[in-house]
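Chemist: Please find one structure pasted underneath; my questions will follow.
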Amino acid sequence: MKKSLLFLVLPFFTLVADANWAANYDQAFLQAKAEEKSVLVMLSQDNCKACWYMENIVFEDEVLIEKIEKEYVMLYLDVHDDDIHGLDYSGTPTLYFLSNDDKVLKRLNGVYNIKELTAAMLKIEKPEKKKELK
């Protein structure tokens, strides 16, 4: 019985991913520059049910996280506890897609499900990556 339960539960855990959130704003941009990526900032706050959904459902999807982490360094900022570096918001969650030189590529307000966020990300015009000289 225990073995059959393990086989039922194991596939669920393989679909859950842990997002690698940068520790702070400066670290996120240093990492983004080093890896030639952009930065995805999630502005959040305590007791925000939509923020909880984004953090614990949307940003736990393995396929989505893999797509995000190929092009972005992820940064979570609490609007009350962290320095949000002048980023504007009218509510939370608010997502900012920033170039690694801190220019806004796109701002998304509110909650998105996995499919909606994936579609929105496809529409973001990404900065050109530097080509190495030979």
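Chemist: It is to be established whether one or more residues within region 17-36 are at pLDDT below 95 and either of a type in the set (D, E, K, R) or under 18 Å from Lys126 (Cα atoms) (or both).
Modeler: Yes, region 17-36 contains at least one residue that is at pLDDT below 95 and either of a type in the set (D, E, K, R) or under 18 Å from Lys126 (Cα atoms) (or both).
Chemist: What strands (runs of 3 or more DSSP E), lying completely within region 14-133, carry at least 2 residues that are surrounded by 11 or more Cβ atoms within 10 Å (Cβ to Cβ) and hydroxyl-bearing (Ser, Thr, Tyr)? Spell out how you get there, then give the answer.
Modeler: Details: elements: 38-44, 72-78, 94-98, 104-109.
It comes to 38-44, 72-78, 94-98.
Chemist: Among Lys103, Lys123, Lys70, Lys130, which is over 15 Å from the mean Cα position of the chain (by Cα) and modelled with pLDDT of 95 or more? Can you show your working first?
Modeler: Numbers: Lys123 fails: modelled with pLDDT of 95 or more; Lys70 fails: over 15 Å from the mean Cα position of the chain (by Cα); Lys130 fails: modelled with pLDDT of 95 or more.
Criteria check complete, one pass: Lys103.
Chemist: On to the next question. Within region 24-64, track down each residue that is touching an Asp or Glu at 6+ places or on another chain (Cβ under 7 Å) and among the basic types (Lys, Arg).
Modeler: Scanning region 24-64 gives a single hit, Lys37.
The values are calculated or read from the model by the stated rules, or taken from the named source; none is laboratory data. As the structure is a computational prediction, the values presented were derived from the model and not from experiment. A quick note on method: Cβ atoms are made from the backbone with ideal geometry, for glycine too, and the neighbour counts reach across all protein chains shown.
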